[in-house]
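Coordinate-derived values only; no laboratory data. Predicted model, so just to flag it, every value in this text is computed and none were measured. Don't worry about glycine lacking a Cβ; one is built from the backbone with ideal geometry, like all the others, and counts go over all protein chains shown.
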Amino acid sequence: MIKKQSLRLLVLALSLSVSGCAVFQPEKKSESKTASAENSKKDKNGLKPYDKVITKDAKSDKGLFTVHEVEDKNFYEIPDSLFNREMLTVTRIAKTANGIGFGGGKQNTQVHRWQKKGDKVLLRVVSYEVYAADSLPVHEAVRNSNFEPIIQSFDVKTVGKDSISKSTVIDVTDLYTKDVQALGLPDGTRKRFKVSRLDESRSYIDTIRSYPENIEIRHVKTYNAGDPPSNSSTGSISLEFSNSMILLPEVPMERRYFDERVGWFTTEQTDYGLDAQKSETVEYLDRWRLEVREEDMEKFKNGELVEPKEPIVYYIDRATPEKWVPFIKQGIEDWQVAFEAAGFKNAIIAKDAPTVEEDPDWSPEDVRYSVVRYLASPIPNANGPHVSDPRSGEILESDINWYHNVMTLLRNWFFVQTAAINPEAQDVAFKDEVMGRLIRFVSSHEVGHTLGLPHNMGSSVAYPVEKLRDAEFTQEFGTAPSIMDYARFNYVAQPEDGDVALMPNIGPYDKYAIEWGYRPIPEKEGKEEKSILDEWILEHAGDPMYRFGSQQSGGVIDPSSQTEDLGDDAMLASEYGIKNLKRIVPNLIEWTAEDGKDYDDLDDLYGQVLSQYNRYMGHVAANIGGVYEYYKTYDQEGAVYFHVTEEKQRRAMDFLQEQLFETPEWLINQEIFNKIEFDGNLERIRNMQQRTLNNILDFGRMARLMENEEINGKDAYTLLDMMTELREGIWSEVYSGKRIDRYRRNLQRAYIERMEHLMNEEQDEVPARWRRWVTRSEINVSQSDIRPVVRGELNALERQIKSSVYRSGDTLTRYHLQDILKRIDLILNPIN
């Protein structure tokens, strides 16, 4: 009975089980059909349907690529026609932390190529540092030694819906949120701030915008850092980067090759395809593509001005204060005269940016538009970078960064350099028309950079100093032949000189340089142009108005190519400049006064006087041990390098003794001091004197003095000449038996400390030469005459002090000299 009952239960259980299978099995078959249907919608490569990747909620932006944002993912829909096209990616810091560069600062530039390989898309880096024409046999060897690295590989997610204009969709989120160094913080900055890694939890994509010829990406990256420059408590650095990906022209512009006799920003390349027995570095100009219309070519050949196919157009940012817009636009269009010299009219045009109502899609991020961008920043500066095609040098776009506080900089320069002769500058706030003229000047200068011109620091020495006091001359020629020099404002002119010009304009050099770089040469291209370009240079050879002098860094070797100087004689120009500063100081309180205001402006402008005075000292000191550099080629006579004359170097030393090392008492104004500080004057004077003293007693300068003597013998200003005159001037009281005051005692101790440095230290590492250009002279100090000469000078000083120390009736003078004797003894006979 139990067995039968058990059997019935078993059968029932089995029937339930079977019925259960019968009930649920059809549903499983249904699921299988759904999965099968889903799979049937995938293509043969297993890709998802387009609308499953780019959903109806996607935020899409059409342009060079169509970019899609889907929830927390970002996709590029790349037209297949753009695979293997070259694109220039420029990485800049858009927003920065204090101490890490400035907004707009370029971090990296690379050429990229998107390449499709089966179900993958590769992003490759293309280098144009080495090159050979593809028509040459060596081209294959260059390709093989220049394999294009892959930045990142992407899975193809789907393909576009349009069967005619095919496209490929990839997820690029990781490209901008992960630590891809090419698109983020460069290696040097990482080392400086001890960056360990990217914190992905605090990094994200802000925006991706697509335009017809470029894509603009903004992304925030946070790096863990051991030594952040600010906000150190966070142990990290957060920056917003902008990556501009720009489609390069399918056919590169024809190059124009560089000549160092005309200053220009350039792109360079190592060319293995030249008919030479070695690889050679070639440089070509960064310049806009200005071309003559075919129908106008005969007019152009006949000397008529013609309009270019495409003019250079700058838009003024909508954020720019309205009252300054006309002046910025004038500064841009001031370059019309230079392009007329190159054969073009209306070649450079300034326009207002369209309003949102006029063009809601207009954006300064669009590479089709070059924009003067007005930035609400405390940085007192403006700069004019540009983006150029590395294959040809063609400038594709330029945005001039105009920081609000550049007006503070202009106020300070104009005040300290012209207030002595110019009532319009005798205030802390200038009239709008005065500030507007200064803004126009800076606008012109920065536009010059965007056209391809670097600073020409050799321009300002073209004019004799006395000509800068000539109203007629300066009204015609300005203060320098080039607005690209730092020949700011006319500090040479004196009150009795009348209506002299106070600043440079687009000058003879600027017109010449633009013509040389931009004038088309019909039926010639590339290297074929060289003989004609050489002729244009030789037409002006030897004329200082057309000379280019490069900007020096790390110390001045060529005194005729300095920043902030005027005229052909630094001693005379600086003497006039100091006369004007002496007129300004007694008026500082009156010119900065305003009821209810504190003394910050007085403090600021007194500091500007000191800065200007220090510039004069630097201009003069550079003549001691100076070597001129005048670029030439074999078909020009004369030396490229030659030493400053003995007479000029002696005058420079005499100037420094009289104007600086003899205490500049005119700077000591207690009426000013008791309003701006409780102490500091003694240290201020000592710092200024020590700065120039150390500049003179520089290893590199001493090396050049010795070389000059070896080459030019009795016609040279020698190291011994310099050291003897310096000692006798700074220690003149020891020779005359006079009391030594506190200012001079401080200076004399600074002298002893510098002599100790020369005896015991080695020269800092000198940067490697780049071609002929150097930043400092290099010398092996211990194997040179420097230390014997220093020892001899200290011995001579010691003997003189010993013979006069007890002749002084002043106790502090005696104590000072006794201390100096002890210091000299420790230098010459150190205790081990």
Quiz prompt | Note, ³J(HN,Hα) from phi for segment 652-658, Karplus 6.51, -1.76, 1.60, rounded to Hz, x at Gly and Pro | solution = 5, 5, 4, 4, 5, 5, 7
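What's the magnitude of the charge dipole for segment 201-244 around its Cα centre, counting Lys and Arg as +1 and Asp and Glu as -1 at the beta-carbon? Answer in Debye, nearest 20.
Result for segment 201-244 is approximately 120 debye, rounded to the nearest 20.
Remind me, relative contact order of segment 257-568 in percent, using alpha carbon pairs under 8 angstrom and six or more residues apart? The partial results should precede the final answer.
Numbers: 611 pairs, mean separation 60.1, N = 312.
19 percent.
What is the chain's relative contact order, in percent, from Cα pairs under 8 angstrom and six or more apart in sequence?
On the way: 1439 pairs, mean separation 63.1, N = 832.
After rounding, I find 8 percent.
Given a Förster distance of 60 Å, report the FRET efficiency between residue 715 and residue 593 from their Cβ-Cβ distance, rounded to the nearest 0.05. Let's see the in-between values first.
Working: r = 54 Å, r/R0 = 0.91.
The value I calculate is 0.65.
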Quiz prompt | Full-stretch length increase - residue 739, residue 148 - with 0.36 nm per residue and alpha-carbon distance subtracted | solution = 205.4 nm
Quiz prompt | Whole-Hz couplings from phi, Karplus 6.51/-1.76/1.60, listed for segment 493-507; x for Gly and Pro | solution = 4, 9, x, 7, 8, x, 8, 7, 6, 10, 8, x, 10, 5, x
Quiz item: How do 222, 633, 811, 96 line up, fewest other C-beta atoms within 10 Å first?
Solution: 811, 633, 222, 96
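With +1 assigned to the C-beta of every Lys and Arg and -1 to the C-beta of every Asp and Glu, and no other charges, what is the dipole magnitude of the chain about the Cα centre in debye, to the nearest 20? Provide the component values of the computation, followed by the final result.
Working: 105 positive and 138 negative charges, 913 e Å.
Here the size comes out at about 4380 debye.
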Quiz item: In segment 257-568, what percentage of the DSSP-assigned beta bridges are antiparallel, given to the nearest 5?
Solution: 45 percent
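What is the sum of charges, Lys and Arg at +1 and Asp and Glu at -1, for the other residues whose Cβ falls under 12 Å from the Cβ of residue 320? Mind showing how you got there, number by number?
Values: positive: 318, 323, 329, 373; negative: 317, 322, 352.
Around residue 320, the charge tally is +1.
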Exercise. Within 10 Å of each residue's Cβ, count the other Cβ atoms and sort 605, 375 from fewest upward.
Key: 375, 605
Exercise. First select every other residue whose beta carbon is under 14 angstrom from the beta carbon of residue 427; then total the charges, Lys and Arg +1, Asp and Glu -1.
Key: -4
Practice problem: Going by C-beta contacts inside 10 Å, put 560, 804 in order with the fewest on the left. | Solution: 804, 560
Self-check item: Pairwise centroid distance, computed over Cα atoms, of segment 290-348 with segment 620-651, Å
Solution: 38 Å
Exercise. Go through 782, 502, 614 and say which Cα lies farthest out towards the positive end of the charge dipole of the chain; charges sit on Cβ, +1 for Lys and Arg, -1 for Asp and Glu.
Key: 782
Quiz item: What's the extension gain from residue 724 to residue 681 if we count 0.36 nm per residue and subtract their Cα-Cα distance?
Solution: 12.6 nm
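Could you work out the longest stretch of the chain that avoids the chymotrypsin sites (Phe, Trp or Tyr not before Pro) located in DSSP loops with at most 12 other Cβ atoms within 10 Å? Can you show the working numbers first?
Numbers: sites that count: 147, 634, 678.
Result for the longest clean stretch: 148-633.
Could you tell me the calculated FRET efficiency between residue 760 and residue 811, based on Cβ-Cβ distance and R0 = 41 angstrom, to the nearest 0.05? Each step should come with its number before you reach the end.
On the way: r = 31 Å, r/R0 = 0.77.
The calculated FRET efficiency here is 0.85.
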Quiz prompt | Distance between modelled label sites at residue 178 and residue 663, nm, 7 Å Cα→Cβ extension | solution = 6.8 nm
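How much length is gained if the chain between residue 475 and residue 224 is pulled fully straight, taking 0.36 nm per residue apart and subtracting their Cα-Cα distance, in nm to one decimal? Present the calculation step by step, with values, prior to reporting the outcome.
Details: separation 251, 0.36 × 251 = 90.36 nm, distance 5.68 nm.
Gain on stretching residue 475 to residue 224: 84.7 nm.
To the nearest 20 Debye, how big is the dipole of segment 50-247 about its Cα centre, given +1 on the beta carbon of each Lys and Arg and -1 on that of each Asp and Glu? The partial results should precede the final answer.
Numbers: 28 positive and 27 negative charges, 63 e Å.
Around 300 debye, computed over segment 50-247.
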Quiz item: What is the distance, in nm, between label points placed 7 Å from the Cα along the Cα-to-Cβ direction at residue 83 and at residue 545?
Solution: 6.0 nm
Exercise. Work out the charge dipole of segment 198-278 with +1 on the Cβ of Lys and Arg and -1 on the Cβ of Asp and Glu about the Cα centre, then indicate which of 198, 258, 211 is farthest towards its positive end.
Key: 198
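Using a Förster distance of 56 Å, how high is the FRET efficiency between residue 164 and residue 634, based on the Cβ-Cβ distance and rounded to 0.05?
Numbers: r = 60 Å, r/R0 = 1.07.
It comes out at approximately 0.40.
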Exercise. Please name whichever of 562, 624, 596 sits farthest to the positive end of the charge dipole of segment 550-646, dipole taken about the Cα centre and charges placed at Cβ: Lys and Arg +1, Asp and Glu -1.
Key: 624
